[in-house]
Every structure is written in C-alpha cells, then in structure tokens.
Amino acid sequence: AGAEAGGGGPPSLLRVGAVLDPGEAPRLVDLGPDAGDAAACRAFRRFWGARAELRKFKDGRIAEACVWEGVPPAERPALPARAAAFALGRHLGA
C-alpha cells in the first residue's frame, strides 16, 4: 500500500533474484535471435537498444547479439548485474 496504491506511504520495495549458470554468466557476448527471424530481432533490439548489434559468428551464423566490450576479466562475474542495471535503466528509468 505505497504511494502508487493511493496509501500515501513510501513506494514498495521489490526484490528480484536469479539463478545463474557460472559458466555462462561472465560471457562478453549474449547471443540473440537469428537474423532470419525479423520479429524476434525487432523485439531483441527494442529490449537492448544500442547494446544490440547484428553479428556474423565464426560458424557462419548471423544473429543479433548484446556485446559487453571492454570489461576486464576480473569484472566479468559482475556482467549479469551490469546487464540487469542496463535493462532496468532503459525500461524503468531506474
């Protein structure tokens, strides 16, 4: 019953948790949909904005990707938190 619900009190706090695969979490490139799936590519780009880019991979696949360049190895375990902060900032202004 925070201010949004008309209760006049402070906004409510929402906590979100995630279970991550430790082998996948520190990746610098998050693979998105194949270039041939136009609707999925549009949705991916709407979600990631300037972070999204179309890339061609070594195996010949062309797909959307979210790239986290310039992150030193010691900071890569924090990439999921960085991605979450980016998404929240982009979509919720947080």
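Near Gly89, once Lys and Arg are set to +1 and Asp and Glu to -1 for all other residues with Cβ below 13 Å from its Cβ, the sum equals +3.
Can you pull the percent of Cα pairs in the chain with separation above 20 Å?
Here the tail beyond 20 Å accounts for 51 percent of pairs.
For the range 37-82, the per residue solvent-accessible surface stands at 65 Å², with DNA, RNA and ligands left out and a 1.4 Å probe. Looking only at trypsin sites (Lys or Arg not before Pro) in DSSP loops with at most 16 other Cβ atoms within 10 Å, what is the longest site-free stretch of the chain? With trypsin sites (Lys or Arg not before Pro) excluded where exposed in loops, the chain gives 62-94 as its longest stretch. Name the most mobile residue of Pro80, Pro72, Pro11, meaning the one with the largest mean-square fluctuation, in a Gaussian network model of the chain with Cα contacts below 10 Å. Fluctuation is largest for Pro11. Given a cut-off of under 8 Å on Cα pairs at least six residues apart, what relative contact order in percent is computed for the chain? For the chain, the relative contact order is 25 percent. Annotation note: chymotrypsin sites (Phe, Trp or Tyr not before Pro) in the chain located in DSSP loop regions with a Cβ neighbour count of at most 15 within 10 Å are Phe57.
Report summary: the helix-based calculation at 222 nm, which adds -39500 (n - 2.57) for every DSSP H run with n ≥ 4 and divides by the residues of the chain, gives -8500 deg cm²/dmol. Which net charge results for the neighbourhood of Cys66, defined as the other residues with beta-carbon distances under 14 angstrom from its beta-carbon, given Lys and Arg at +1 and Asp and Glu at -1? Net charge in that neighbourhood comes out at +2. Surface composition of the chain: carbon plus sulfur atoms hold 58% of the accessible area, using a 1.4 angstrom probe and ignoring ligands, DNA and RNA. Taking Leu54, Leu13, Leu31 in turn, the Gaussian network model of the chain (Cα-Cα springs below 10 Å) assigns the largest fluctuation to Leu13.
Taking GluC sites (Glu not before Pro) in DSSP loop conformation with at most 10 other Cβ atoms inside 10 Å as exposed sites, the chain has its longest uninterrupted site-free stretch at 25-68.
Mind pulling the per residue volume of the convex hull built on the Cα atoms of the range 43-94? Å³ is fine. Write down the numbers at each step before the final one.
Working: hull volume 4.9 nm³, N = 52.
In the range 43-94, the Cα convex hull volume per residue is 94 Å³.
Between Val16 and Arg90, the simple spin-label model (points 7 angstrom out along Cα→Cβ) gives 1.2 nm.
The values are calculated or read from the model by the stated rules, or taken from the named source; none is laboratory data. As the structure is a prediction and not an experimental result, all values here were calculated from the model. Cβ atoms come from the backbone with ideal geometry, glycine included; neighbour counts cover every protein chain shown. Ligands, DNA and RNA are stripped out before the accessible areas are found, and what is left, the full protein with its side chains, is counted by its heavy atoms. Shrake-Rupley method; radii C 1.70, N 1.55, O 1.52, S 1.80 Å.
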